[in-house]
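Read through the structure below, which is laid out as structure tokens, and then see the notes.
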Amino acid sequence: MILFFIFYDQTSRSSLIADGILRRRSAAAGGGAALPRRRRPVFRGGGGVSSLKVPWRRDPLLDATIERDKKWRLCSRVVREVLNEPGSAIALRYLEKRRERLRLPVKVKTFLSRNPLLFDVYQDRLRPAAEPVPFLRPSTRLTKFLREEERVRSTNEGLVVAKLCKLLMMSKHKVLSSEKLLHVKRDFGFPDDFLSSLVPRYPHRLRFAGGAAASFSAAERRAAEETRLTGVPMRANFELRFPRGFSLRKEMREWTRDWLELPYVSPYADVGELRPASPEMEKRMVGLLHEFLSLTVLRRAAVPTVGKFAEEFSLSNAFPNAFTRHPGIFYLSLKGGVETAVLREAYGGEGELLDRDPLLEIKDMFEELLEEGHRQWVEQQRTNRQSAGGSRDRELLASGGQSQ
């Protein structure tokens, strides 16, 4: 299946603006600076992409942020596995057989004891004449979370549709394979059934949609906001944030300064006139990678995930080098044996996420559920140790009395 995104002509663009998705900020209506009308950029000639090497340096704070999400991701996989079963229930023995696929490092019973609020365990039969065996189903607390998740998704449906539109608009033919979109749905916060539940409700956007209001990148919107706040016209560009103690060699600092002076190339602009491997094409590629990451919920994505869209986004095979060539814009983490591209400007000095996607509320609620379950498990462990210690004391006292 293929999803199409076809722009309206200029006379039809008001339909998207009036509909409320990514409305263009109007100085007259809202008191803010309007996003600039796009002009055909004038590029400098000559020069290729810098061949200067930028040393990769580990960022322990961002690595720790990625590491902290391991439990959340693991528990999410197990929950989805159970929810995808008929009746949202599964025999414990069947889930145990799927441990390798779920990348579950402990036995299911151990996982359940450490996360007591996720599932209820009950007895049921696999066949009418069979003996009852343990089954799992969502607990009351998990069911409550799932209702809250649905509320957050419903509230932010416009944001999800806007993200989907932007991904389609960045592709060279405004078309993306639904199979690829399904693969990245969790990176962008798309619901599991978005192709059947969401797309059909927006045929005017996901088949025939567009207008200039939807095609401004995060960098362009930030420049418009700075213009509104300062009263000084600001042009779109990238914000550089280097980790503590990081420094570039003089040659690379000069190259970066000159490269930043090049006109910003929107990821939604036609790049047919740009020369491959030119500094201008590099700027367009960095702009597209910046925008792609800014649309993700966590402002980061695995490099292979980005690579799935290399052809549609007109990225060269060497596009991953951009993540290390521009260490002030991106960080390339190698945590867990997976290359993960992180948008630096979205994170603070302690590795905390500053640019919070509204859909992060779902992750926050799930992590609260996991933390509550962890506290309950810790308390149960303490009670068990105290109980075992008391039993040993009584046994010692009894044996002492008998010896007398």
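The values are calculated or read from the model by the stated rules, or taken from the named source; none is laboratory data. Since we're looking at a predicted model, the values are computed, not measured. Ideal geometry is used to build each Cβ from the backbone, glycine not excepted, and the neighbour counts take in all protein chains shown. Heavy atoms of the whole protein, side chains included, go into the accessibility calculation; ligands, DNA and RNA do not. Shrake-Rupley method; radii C 1.70, N 1.55, O 1.52, S 1.80 Å.
Each peptide among 156-169, 352-365 gets the average number of other Cβ atoms lying within 10 Å of its residues, and from highest to lowest they stand as 156-169, 352-365. For the stretch 61-142, the fraction of 1.4 Å probe accessible surface lying on carbon and sulfur atoms is 51 percent. Whole number in Å², please: accessible area per residue of the stretch 61-142, 1.4 Å probe, ligands, DNA and RNA not counted. On a per-residue basis, the stretch 61-142 sits at 58 Å². Highest mean packing first, where packing is the average number of other Cβ atoms within 10 Å per residue, the peptides 234-241, 257-264, 183-190 line up as 183-190, 234-241, 257-264.
Pairs exceeding 20 Å between alpha-carbon atoms, taken from 107/363; 71/363; 71/107: 107/363. Straight-line cross-link partners of residue 180 among the lysines, defined as a Cα under 16 Å from its Cα and at least 8 positions apart when in the same chain: 163, 166, 172, 308. Think of each Lys and Arg Cβ as +1 and each Asp and Glu Cβ as -1; about the Cα centre, that makes the dipole of the stretch 226-322 roughly 520 debye. Under the criterion of Cα pairs below 8 Å and six or more residues apart, the relative contact order for the stretch 61-142 equals 30 percent.
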